[in-house]
Structure formats: C-alpha cells, structure tokens
There are 2 protein chains.
Amino acid sequence: MIEDAAKKTIKILDQNGIVLNKNERNHIEVVDFGLNQLEKQGLQIIVYENNDRYCAKELVLFSNQTCPEHSHPNVGEEEGKMETFRCRAGKVWLYLEGESSERIQAKIPKGSEDYYTVFHEIELNPGDQFTIPPDTLHWFQAGEEGAIISEFSSTSRDEFDIFTDPSIQRV
Amino acid sequence: MIEDAAKKTIKILDQNGIVLNKNERNHIEVVDFGLNQLEKQGLQIIVYENNDRYCAKELVLFSNQTCPEHSHPNVGEEEGKMETFRCRAGKVWLYLEGESSERIQAKIPKGSEDYYTVFHEIELNPGDQFTIPPDTLHWFQAGEEGAIISEFSSTSRDEFDIFTDPSIQRV
C-alpha cells in the first residue's frame, strides 16, 4: 500500500509538471501517522532540502485526505517551526487556532472527531499561500481533486511535533 | 521594457503550470542590475515569502540570460544567505568558487569578462538542485531554452549582496 501511494504521488506530480530526480522518486515519504487509514488520514512528502536554517518540501494530498491536527512547539531556546503553505494545484482547507468559522468545508475523519479542535478555516487554491506561526495547532484536508502544496519553512524537526490524537506516532 | 519582461515572465510560468496570484502578477521583480542590458545580464524574480527565518522565490531566466557574479556576505553575527537552487524547467549552468571546470558551457557576457572570476560549473536540469554555501562567489546562466529555478533560502537581504562588477547597484 505504501508503494502504491508512492507511485500515485509521483504520477500526480508528473501530471502537474513537477519534476523529481531519481533519488527523490525512490524516497517518497508516505506517512499514515500510525493510524493505518492512509487514504483518510495521511500525507505524502518529498523533502527537497532540510538544513539548520531552512526547509523545503512538496506535500501531496489525495482526494479528501487529511493531515491530522498538530503543532510545532518551541524546542529549548529555538522557536517552533514556522511554515508557509503554497497551494500549487487542487484545493486545500487549512484549519488553525483562532475564531471558529461558522461552517467548515472539510469533513472531519469519522471516529477521530475528538482530535480535531481548531476550526478557523483558510481555503487555499492554486497561487494562494498562508504562513502558520510557530507553536500553533493546525490541520488540513484536500478537496475532492486532491492537492499539491509547496511548503517553505524553518528547519523541520518532525520528532518534536505534538499531535492532538495521542495514538499518533510520527517517526 | 520592464513591463514586457514582466509579461514574458508570467507567460513562461503559465506555460510551465506555475500559478501566481493577482498580487504576485502585479509585482514581478525585473532586475537589470543597473547595467541596462536586461536580456544579457538580468533576472526576473517572484518573492513568495521572505521573513526573518526563511525565504522562497521563483527565479525566471530568459534564453541565455545571466545573473552576474556576487556573494552573500556575513552580516554582523549572522551568517550570509545560504540558498538552494532547484531547477524546475529549462537548463541552468551555475558557477561558483572551487576548482575551475576545464571548459565551461556558458558564454560570459561580452564586455563584462573582468567581472566573472569563478568557473566551477554545476549543470542543473529539471529536478536537479544545488545548495550554495554562505559568503561564496557565484553566478549563473540559463541555456538556450531559458530556465525556471525555485530558490529556497535563509532570509534574503539583497542590499548586502557584493557584486564583482563595481558598476552594479542592487536596490
């Protein structure tokens, strides 16, 4: 299933004119957050660069796929990860702390309702972008047609991410 | 001429499936470095994000257009800008400090030969990327078909850039 998801990811990027090199094609990160329901809660990642100053990734979401709620906390004296999501293709609904939107467009994954707690909605279409401040709860879901997001950020240290769902393990 | 170059930039990005929002379309940075020979020595830039932690831009080069030699020096206690060039379309020859390549593929802009001094060649085709260390002289030129480069970097502070050509002013 991981291999199928990796192939599907490459195909989606190909169709949208985003070229990966051979090494990247062989190292698509398929993340199911240990929940074993990748199509509902999961994310596909290509890490272009992650050094001690900045990070850049391509994120691919399948149709209605959701990245579960989490935050990037401060680590020691260093501020938590700050990240800019730029929608390249498809549609993304991003939710973060702040005033709840009256009606949200995403569908919260069934059985996980308790672990989605922030509902300030930002809709991102191709060419739109939004910067998520450090240490801020957020989650996001693709529309029907899936989505490609370029993520520009400070250094990525996934092992410090805090997920609302206690059963999630991000390795 | 600036307006024509901006329009051409938008067209190239459109043709390659890179979507800009309205504000970005209205703020294409067309840089001729004060040399008044944009087609030979110049660069078109879309700044997606530049904050005190990271920066992301799209760089567009027309056919055989050259970005002149420069470095990003350390500023006070902060290390100079570090940047990753990812070729999205076309072809780029990047030159930086280090052992000179036996034969370089770029053509040095006529009349400016004195201001190109580093010749370690890196060829970037779509999907290839290279990270330029801080405080390192570099220049780059697109191939015949032009190029689109995604630049991921630490904070951009153009006003501190040092150009080899003393007549260049980067505002």
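The values are calculated or read from the model by the stated rules, or taken from the named source; none is laboratory data. Given the structure is predicted, the values throughout are model-derived calculations rather than measurements. As a convention, Cβ positions derive from the backbone with ideal geometry for all residues, glycine included, and neighbour counts pool all protein chains shown. Each accessible area value is taken on the protein alone, full model and side chains, heavy atoms only, with ligands, DNA and RNA left out. Shrake-Rupley method; radii C 1.70, N 1.55, O 1.52, S 1.80 Å.
Some notes on this structure:
- Test: residue in region B:160-170 that is at pLDDT below 95, open to solvent by 60 Å² or more (accessible area, probe 1.4 Å) and touching a strand residue (DSSP E or B) at 6+ places or on another chain (Cβ under 8 Å): yes
- If the condition is being within 14 Å of chain A (Cβ to nearest Cβ), under 13 Å from the mean Cα position of the chain (by Cα) and within 27 Å of A:Ser156 (Cα to Cα), then region B:143-171 contributes B:Ile148, B:Ile149, B:Ser150, B:Glu151, B:Phe152, B:Ser153, B:Ser156.
- The set of residues in region A:29-60 that are of a type in the set (Asp, Glu) and touching an Asp or Glu at 6+ places or on another chain (Cβ under 8 Å) contains only A:Glu58.
- The set of residues in region B:20-58 being within 26 Å of A:Leu13 (Cβ to Cβ), free of Cβ contacts under 8 Å to residues at least 24 places away in the same chain and touching a strand residue (DSSP E or B) at 6+ places or on another chain (Cβ under 7 Å) consists of B:Ile28, B:Ile45, B:Glu49.
- Note on region A:151-165: residues that are touching a Phe, Trp or Tyr at 6+ places or on another chain (Cβ under 8 Å) and either farther than 24 Å from A:Arg103 by Cα or assigned to a strand (DSSP E or B) (or both) amount to 6.
- Residue in region A:27-50 that is of a type in the set (Ser, Thr, Tyr), within 14 Å of chain B (Cβ to nearest Cβ), farther than 17 Å from A:His138 by Cα and open to solvent by less than 20 Å² (accessible area, probe 1.4 Å) present: yes
- Of all residues in region B:143-159, those being under 22 Å from B:Gly76 (Cα atoms) and open to solvent by 20 Å² or more (accessible area, probe 1.4 Å) number 3.
- Test: residue in region B:37-44 that is closer than 28 Å to A:Thr84 by Cα, among the hydrophobic types (A, V, I, L, M, F, W, C) and assigned to a strand (DSSP E or B): yes
- Enumerated strands (runs of 3 or more DSSP E) restricted to region A:65-142, each holding at least 3 residues that are open to solvent by less than 50 Å² (accessible area, probe 1.4 Å), within 13 Å of another protein chain (Cβ to nearest Cβ) and in contact with a Ser or Thr (Cβ under 7 Å, 6 or more places away or on another chain): A:83-96
- Some residue of region B:84-101 being at positive phi and acidic (Asp, Glu): no
- Hey, B:Phe62 at positive phi and crowded, with 20+ Cβ neighbours inside 10 Å or not: no
- Some residue of region B:6-19 being closer than 30 Å to A:Gly80 by Cβ and surrounded by 15 or more Cβ atoms within 10 Å (Cβ to Cβ): yes
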